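Notes for the one structure printed next.
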Amino acid sequence: MRASMLIIAGLCTACLSACVSAPPPSPAFHAALNQPYRLDAGDRVRVTVFEQESLTNTYSVDKAGYLALPLIGSVPARGKTTEAIQTAIAASLRDGYLRDPDVSVQVEQYRPFFVMGEVTTGGQYSYVPGMTAQNAVAIAGGFTSRADHRTVDITRQVNGQVITGRVLISDPVLPGDTVTIHERLF
């Protein structure tokens, strides 16, 4: 009798602990949404050097985090904003190449995001500004029949650290994020 009561108590505890939601993400997790966009490998930027058509082009941030431009060579881009890249390119061009370069840098294509777990077709997808986790699930073919439709885990890099937070399906997704859809319990 006592053994069966312990088993029942253990099962109830396990069921109740599964119903408790994960702790909310850290403040830094959501603060990343309000910070200027920082470039990383996989981003493509349009560099315009006014009145210099041979320097104006689209460049990709390589795996090492650099942009390779004519004349000036490699420009560190990982973790920098487009404004910081503009300043760096203009300074390099000013150093022996152009008198007063006017440079503009804009993100042309963001690095991809990833969806995995209880979706029809997990994988890597192109990022679109303003995307939510629900949009990401739709792009991945929708939920499977076993999926939890309320919350998702989003893993993102914030200030050089990888952080995972359980958020509502309506939360924003950033380039490079990994969205994980979990299986529901019932």
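The values are calculated or read from the model by the stated rules, or taken from the named source; none is laboratory data. No experiment lies behind these values; they were computed from the predicted model shown. Heads up, the Cβs are rebuilt from the backbone with ideal geometry, glycines too, and the neighbour counts pull from every protein chain shown.
Brief remarks on what is shown
- Among the candidates 121, 164, residue that is outside the structural domain of residue 50 (by TED's automatic domain parsing), part of a strand (DSSP E or B) and either within 21 Å of residue 40 (Cβ to Cβ) or polar (S, T, N, Q) (or both): 164
- Qualifying residues in the range 143-186 (those that are of a type in the set (Lys, Arg) and under 16 Å from the mean Cα position of the chain (by Cα)) - the one surrounded by the most Cβ atoms within 10 Å (Cβ to Cβ): 156
- Candidate set: the range 31-55, residues that are of a type in the set (S, T, N, Q) and modelled with pLDDT under 95; chosen: the one farthest from residue 87 (Cα to Cα): 34
- Residues (surrounded by fewer than 15 Cβ atoms within 10 Å (Cβ to Cβ), outside any loop (DSSP other than H, G, I, E, B) and of a type in the set (Ser, Thr, Tyr)) located in the range 79-103: 87
- When residues of the range 132-142 are limited to those that are outside any strand (DSSP E or B) and under 12 Å from the mean Cα position of the chain (by Cα), the one farthest from residue 27 (Cα to Cα): 136
Let's see how each residue does on (1) under 19 Å from residue 32 (Cβ atoms); (2) assigned by TED's automatic domain parsing to the domain that holds residue 48; (3) modelled with pLDDT of 95 or more:
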residue: 83; (1), (2), (3): yes, yes, yes
residue: 89; (1), (2), (3): no, yes, yes
residue: 116; (1), (2), (3): no, no, yes
residue: 137; (1), (2), (3): no, no, yes
residue: 145; (1), (2), (3): no, no, no
residue: 158; (1), (2), (3): yes, no, no
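- Among the residues of the range 144-164, the one identified as touching a His at 6+ places or on another chain (Cβ under 8 Å) and of a type in the set (Gly, Ala, Ser) is 147.
- Condition check for residue 65 on (1) under 28 Å from residue 164 (Cβ atoms); (2) touching a Ser or Thr at 6+ places or on another chain (Cβ under 9 Å): one failure, at (2).
- Residue 49 meets each of the listed conditions (1) loosely packed, with under 13 Cβ neighbours inside 10 Å; (2) not assigned by TED's automatic domain parsing to the domain that holds residue 152 apart from (1).
- Residues that are of a type in the set (Gly, Ala, Ser) and in contact (Cβ under 8 Å) with a residue 24 or more places away in the chain, drawn from the range 81-129: 104, 117
- Residue within the range 37-46 that is farther than 30 Å from residue 168 by Cα and either under 20 Å from the mean Cα position of the chain (by Cα) or surrounded by 15 or more Cβ atoms within 10 Å (Cβ to Cβ) (or both) present: yes
- Residue 108 meets the conditions (1) in contact with a helix residue (DSSP H, G or I) (Cβ under 9 Å, 6 or more places away or on another chain); (2) part of a strand (DSSP E or B) in every case but one. The failed one is (1).
- Residue list for the range 39-78, filter: in a loop (DSSP other than H, G, I, E, B) and in contact (Cβ under 8 Å) with a residue 60 or more places away in the chain: 39, 40, 41, 42, 43
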